Amino acid sequence: VFRWTVINGPCSASATISISFLEQLAANAGNGGDECGMVFQLNAVPGLGTGVWTMVTGPGSVTFSPNPNQPDAIVTVSQYGSYDFAWSEITANCSSVDVIRVVFHEPPAVDAGPDLSVCSGNSIQLEATGSGSFSWSPAALLNNPLISNPVALPSETTVFTVNLTDSWGCINSDQVLVKVLEPLS
């Protein structure tokens, strides 16, 4: 409460005014980033106001679970791509907004090739396609499980699995069946 007083000789007059100082809100949406798949856990820092998540931009639709008022809501998108999300905090007299970007990456395309047959005791070359780092299993039956085209020497019919990891750390896999045939007698 402030009082203003004017004095003129023996006369005076005064008036008062009340001023409320409110703490300014500073919304903090946390961190965005790159996500493999279509689901991301948001991580806003709760502040003084009531918060709500909204999508600012993005190629698809979104849902927030359990609801958009949770600072750590899980957002699910309908399409891969870049999305901007706003965390808004509101009190009776103030509001603040912070925006983060999340890029949703689809799994890398990988193809282990068609199923193959090999005569017992012979080797066969596997041939996966895709862009990234390869890892085959079972590794013990391969000359190099970390390349796209290892040589396999199975003693029995075997399913080989190739995992492909892209530059974002997203992983996808595919399988190829190598059927071992016994020689005709």
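The table for this structure:
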quantity	calculated
Residues of region 132-160 satisfying the condition of being farther than 14 Å from Asp174 by Cβ, among the small types (Gly, Ala, Ser) and open to solvent by 40 Å² or more (accessible area, probe 1.4 Å)	Ser133, Ala139, Ala140, Ser155
Positions within region 155-180 being touching an Asp or Glu at 6+ places or on another chain (Cβ under 8 Å) and of a type in the set (Phe, Trp, Tyr), in sequence order	Trp168
Qualifying residue in region 94-102 (condition: at pLDDT below 95, open to solvent by 50 Å² or more (accessible area, probe 1.4 Å) and more than 20 Å from Val159 (Cβ to Cβ))	yes
Inter-residue pairs, beta-carbon under 8 Å, first at pLDDT below 75 and in region 13-28, second open to solvent by less than 80 Å² (accessible area, probe 1.4 Å) and hydroxyl-bearing (Ser, Thr, Tyr), 6+ apart	Leu22/Thr91; Gln24/Ser96
Selection status of Ser135, more than 30 Å from Val75 (Cα to Cα), within 26 Å of the chain's Cα centre (by Cα) and of a type in the set (Gly, Ala, Ser)	yes
Selection status of Ser133, out of contact with any Pro (no Cβ under 8 Å at 6 or more places or on another chain) and under 30 Å from Gly58 (Cα atoms)	yes
Residues of region 70-93 classified as open to solvent by 20 Å² or more (accessible area, probe 1.4 Å), over 12 Å from the mean Cα position of the chain (by Cα) and either closer than 25 Å to Ser148 by Cβ or of a type in the set (A, V, I, L, M) (or both), total	2
Filter pass, Asn43 being at pLDDT 90 or above and either open to solvent by 80 Å² or more (accessible area, probe 1.4 Å) or part of a strand (DSSP E or B) (or both)	no
Number of positions in region 104-131 that are open to solvent by less than 70 Å² (accessible area, probe 1.4 Å) and within 30 Å of Met55 (Cβ to Cβ)	4
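Table: residues versus (1) open to solvent by 70 Å² or more (accessible area, probe 1.4 Å); (2) in contact with a Pro (Cβ under 7 Å, 6 or more places away or on another chain); (3) among the β-branched types (Val, Ile, Thr).
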position: Gly30; (1), (2), (3): no, no, no
position: Gly33; (1), (2), (3): no, no, no
position: Gly37; (1), (2), (3): no, no, no
position: Leu48; (1), (2), (3): yes, no, no
position: Val52; (1), (2), (3): no, yes, yes
position: Gly58; (1), (2), (3): no, no, no
position: Pro68; (1), (2), (3): no, no, no
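The values are calculated or read from the model by the stated rules, or taken from the named source; none is laboratory data. Values in this document were obtained by computation on a predicted structure and should not be read as measured data. Neighbour counts run over all protein chains shown; Cβ positions are idealised from the backbone, glycine included. Only protein heavy atoms, including side chains, enter the accessible area calculation; ligands, DNA and RNA are left aside. Shrake-Rupley method; radii C 1.70, N 1.55, O 1.52, S 1.80 Å.
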